[in-house]
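**Q** Take a look at the following structure, please.
The values are calculated or read from the model by the stated rules, or taken from the named source; none is laboratory data. The structure displayed is predicted, hence computed values, not measured ones. So basically every Cβ, Gly included, is an ideal-geometry build from the backbone, and we count neighbours across all protein chains shown. We work out accessible area using only protein heavy atoms, side chains counted, and drop any ligands, DNA or RNA first. Shrake-Rupley method; radii C 1.70, N 1.55, O 1.52, S 1.80 Å.
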Amino acid sequence: MSPYALSVLMSSLAIGTITTLSSTHWFLAWMGLEINTLAIIPLMTKMHHPRATESATKYFLTQATASALILFSTAINAWTLGEWTITNLNPMSSTILTIALAMKLGIAPFHLWLPDVLQGLNLMTGLILSTWQKLAPMALLILINHQLNSSLLVMMAILSTIIGGWGGLNQVQMRKIMAYSSIAHLGWMILILTFSPILTILNLMIYILLTTSMFMMMINLCSTNINKLATSWLKTPTISASMMITLMALGGLPPTSGFLPKWLILQEMTKQHMSLISTIMAMSALLSLFFYLRLSYTISLTTAPNISNSNLMWRMQLKPLPALSTTIVLSLLLMPITPLLLTIT
């Protein structure tokens, strides 16, 4: 792809997200979401492969349906209340809008498009889809959190964590595993949304950090499935060890950064006298933890050596991406500054 076209598309992605984040009018927020969707589709199809075309088509149809629902719900809201302000919603518009934004994010039961779409993309576009594209819809949910149906959100959260853990158990493709990981993490975010939006923002920040570091290590190792990961320690033992610990952080094991949001969310849910839901969420997190630990065992240095039949890449030829070390450190060592993070957010 031409550098000029790439710069225009990346600028459009940034403009679309910033437009949605800074808008107080539903129509402007909808326009920002549309700019976001239209900007990423050429990035999806730049890899000339039928799977990439299929992914772009599925993504476009899903996002177009969600955008139509957003426009429909905001039009009903403007008709009943006489205004387009984001902070005022009637109950029916709120329910339709929750479903539409869940479709955009890939929250269960509207998640079926996400694993297939992510599998057809290259790793860098997959990174953008898993992190940057979550910002605008999640910001809208946070803005209207006090008007959302908490029972609907809790049901979708429980479903997302169970499906996110269950769906990733039988996968060997890393992009599909990261898609189911995204579904499970989004479940934790929307669970606490109506009770403590601050924890939702904190969870989103840590999710973006962990996912970014994971995708950057996969890009560096050129690994898209478990078999390639099994020989990654032959190329860069340091990055392989870092990936193993990052996977444990994604699973939420202490003392990594991934344990922080789960701990705080379960604590808050217990304070809200929702012990049963907290127990279900904690048990469903074990499903995700299982395949993270399986991956960690696959790439760990303690397994039997899997010698690759191809010519090995000389270690000095692999140049880690510039921000990789920063994201790895932040993914692992945020626990000691928990009080500061809570004060800032």
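**Q** Taking a quarter of the surface of the Cα convex hull of the chain, what do you get in nm²?
**A** Details: hull surface 70.5 nm².
For the Cα atoms of the chain, the hull's average projected area reads 17.6 nm².
**Q** Each residue of segment 254-271 in order: what ³J(HN,Hα) in whole Hz does its phi give by Karplus 6.51 cos²θ - 1.76 cosθ + 1.60, θ = phi - 60°, with x for Gly and Pro?
**A** x, x, 6, 5, x, 6, 4, x, 5, 4, 5, 5, 5, 5, 5, 5, 5, 5
**Q** Now for a different question. Can you sort His49, His185 by 1.4 Å-probe accessible area, starting with the largest?
**A** Details: His49 95, His185 15 Å².
Largest accessible area first, the residues go His49, His185.
**Q** Something else: Let me make sure I get this right: for segment 60-217, a, b and c are the square roots of the gyration tensor eigenvalues over alpha carbons, sorted descending. Under 1.5 in a/c it's rounded, otherwise prolate if a/b > b/c, else oblate. Which is it? Intermediate results must be reported in sequence, preceding the final value.
**A** Working: a/c = 1.97, a/b = 1.71, b/c = 1.15.
In terms of gyration-tensor shape, prolate.
**Q** So what does the Cα-only Debye profile of segment 149-344 read at q = 0.07, 0.19 Å⁻¹, as log10 I(q)/I(0), no solvent term?
**A** -0.21, -1.28
**Q** Suppose only helical runs count, i.e. DSSP H with n ≥ 4. What mean residue ellipticity at 222 nm does that imply for the chain under -39500 (n - 2.57) per run, divided by all residues and rounded to the nearest 500 deg cm²/dmol?
**A** That comes out to -23500 deg cm²/dmol.
**Q** Just the ratio, please: alpha-carbon radius of gyration of segment 198-309 over 2.2 N^0.38 Å, N its number of residues.
**A** Values: Rg = 16.1 Å, N = 112, 2.2 N^0.38 = 13.2 Å.
Scaled against compact globular proteins, the figure is 1.22.
**Q** In µm²/s, what is D for segment 1-121 at 20 °C and 1.002 mPa s, where D = kT/(6 pi eta Rh) by Stokes-Einstein and Rh is the Kirkwood radius from Cα pairs?
**A** On the way: Rh = 15.3 Å.
Roughly 140 µm²/s, to the nearest whole number.
**Q** Kindly flag which residue pairs out of Lys134/Lys176; Lys58/Lys104; Lys46/Lys235; Lys134/Lys235; Lys176/Lys228; Lys58/Lys134 have an alpha-carbon separation exceeding 21 Å in this structure. Don't skip to the answer; put the middle values down first.
**A** Values: Lys134/Lys176 17 Å; Lys58/Lys104 12 Å; Lys46/Lys235 28 Å; Lys134/Lys235 32 Å; Lys176/Lys228 15 Å; Lys58/Lys134 17 Å.
As for pairs spanning more than 21 Å Cα to Cα, those are Lys46/Lys235; Lys134/Lys235.
**Q** If you don't mind, another one. On a full-extension model of 0.36 nm per residue, what is the gain between Ser7 and Thr95, subtracting their alpha-carbon distance, rounded to one decimal in nm? Could the numbers behind the result be given before it?
**A** Values: separation 88, 0.36 × 88 = 31.68 nm, distance 3.69 nm.
So the chain would gain 28.0 nm between Ser7 and Thr95.
**Q** Follow-up question, since we're still on this one. With the contact rule set at Cα under 8 Å and sequence spacing of 6 or more, what percent relative contact order holds for the chain? Before the final figure, lay out the partial values.
**A** Values: 479 pairs, mean separation 51.9, N = 345.
For the chain, the relative contact order is 15 percent.
**Q** A further question on this structure: Just Ile190, Ile76, Ile206 to compare: in a GNM of the chain, with alpha carbon springs under 10 Å, which one fluctuates most?
**A** Highest fluctuation of the listed residues: Ile76.
**Q** Counting only protein heavy atoms, what percent of the accessible surface of segment 204-293 is carbon or sulfur at a 1.4 Å probe? Could the numbers behind the result be given before it?
**A** On the way: 2480 of 3340 Å².
Carbon and sulfur atoms account for 74 percent of the accessible area of segment 204-293.
**Q** Let me ask something else about it. Among Ile190, Ile265, Met178, whose Cα sits farthest toward the positive end of the charge dipole of segment 149-344 (+1 at Cβ of Lys/Arg, -1 at Cβ of Asp/Glu, about the Cα centre)?
**A** Met178
**Q** Another question about this same structure. Taking the solvent-accessible surface of protein heavy atoms with a 1.4 Å probe, what is the per residue accessible area of the chain in Å²? Provide the component values of the computation, followed by the final result.
**A** Numbers: 15020 Å² over 345 residues.
For the chain, the per-residue accessible area is 44 Å².
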